[in-house]
Amino acid sequence: MIFILRGMMVALGFFGVLYCLLSVLTLCVWKGARLLGRKRPVRWARWLFAIRIFPLAGAAFCTLAFAIPAFLLLEPAAIDEDTRTVVFSVGALLLVAGGLLRVLMAQARAARLVAGLRERAFAPKPVTSSRMLPAQRDLPPLLLYGVSAPKLLVSDTAVAVLTADELRVAVRHELCHKRSRDNLKKLLLYGVPFPGMASLERAWLEMAEFAADEEAVSNPREALDLAAALIKLTKVLPVQRPPAFTTGLISLAGLAKLRVERLLHWQERSSRAVPGQRWGFLSLVLVTVSCAAYYGEALRFTHWITERFIH
């Protein structure tokens with residue numbers, strides 16, 4: 001039992017230290033990556049999210065695949081943990097608990113707000129697979145809420161102001177967010193805060209909006225309809241940040257004008273990103289093969305690192 005507790009402490013400490021180091025590395029990479037051109041929003045939205053979630057994914061993977069096995073196989077039964085082990089493990093535990101508490105509190109606030117709206121909502125005729133919500137100046141005209149199975153609420157203001165074609169492409173924009181699971185991605189990022197990450201998260205949110213715009217339209221006419229919808233709604237409603245883990249059609253201040261400009265210059269050849277899953281899969285295969293070939297050495301190195309920095 002004591003051996004298991006020691007293992008948990010070492011694993012938590014390892015995770016916390018590695019998460020912080022990878023987060024600092026991510027910030028350095030982001031400072032260089034933000035200078036590059038971003039002409040394919042669909043691809044860039046995926047890459048920005050991957051960069052932002054890398055510290056969490058990398059720290060969790062290394063802890064489960066290397067730190068814990070190294071401790072179980074190479075750690076002596078004698079108790080040799082010191083104060084640093086306790087400090088690192090407690091710090092990591094507070095980091096995880098703080099992120100989880102932050103998510104639960106934000107989710108509870110958003111759930112209460114959306115529940116109140118759903119009680120007064122009804123299914124409108126012009127829009128399918130959605131429900132209408134009463135107009136409120138502190139909420140977006142279209143609201144995609146929920147994480148596991150997102151639902152769409154459309155305000156009566158949007159239905160009154162937009163034409164049928166404009167409303168249809170606006171709804172399609174939100175459904176693109178649903179297919180991309182952007183609300184789930186927001187939840188993950190909300191639970192792993194780190195100083196200095198705000199600009200990276202803002203960039204991902206912007207790219208996600210651009211990507212949804214481009215995936216929602218398939219011809220110049222639809223691009224003009226979506227641009228017209230943005231112009232009309234920003235004139236009658238103020239831009240408000242939607243509740244946590246939701247997506248609104250106009251939810252980022254200062255972005256609507258740039259989105260309209262991009263839509264007015266819509267071109268089919270640049271509206272779709274080249275799939276990048278092939279390179280991601282190849283990279284995963286190479287990493288897996290390398291880890292399998294040198295797994296024993298990797299475990300010994302991980303144990304040595306843990307002894308030097310965690311113990």
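Each label point was placed 7 Å from the Cα along the Cα-to-Cβ direction; for Leu93 and Gln107 their separation is 2.2 nm. Exposure proxy shown here: for Trp204, Trp266, Trp304, the number of other Cβ atoms within 10 Å sets the order, fewest to most, as Trp304, Trp266, Trp204.
Taken along the Cα-to-beta-carbon direction at a fixed 7 Å, the label points for Val289 and Thr163 span 5.6 nm.
FRET efficiency for the Leu64 to Gln267 pair, using the beta carbon distance and R₀ = 41 Å, is estimated at 0.40. In this simple spin-label model, placing a label point 7 Å from the Cα along the Cα-to-Cβ direction at both Arg179 and Ile4 gives a separation of 4.6 nm.
When peptides 248-255, 226-233 are ranked by their average number of other Cβ atoms within 10 Å per residue, the highest-first order is 226-233, 248-255.
Just so you know, all these numbers are worked out from the coordinates, no wet-lab data involved. Remember, predicted model here, so these are calculated numbers, not experimental data. Note that each Cβ is placed from the backbone with ideal geometry, even for glycine, and that neighbours are counted across all protein chains shown.
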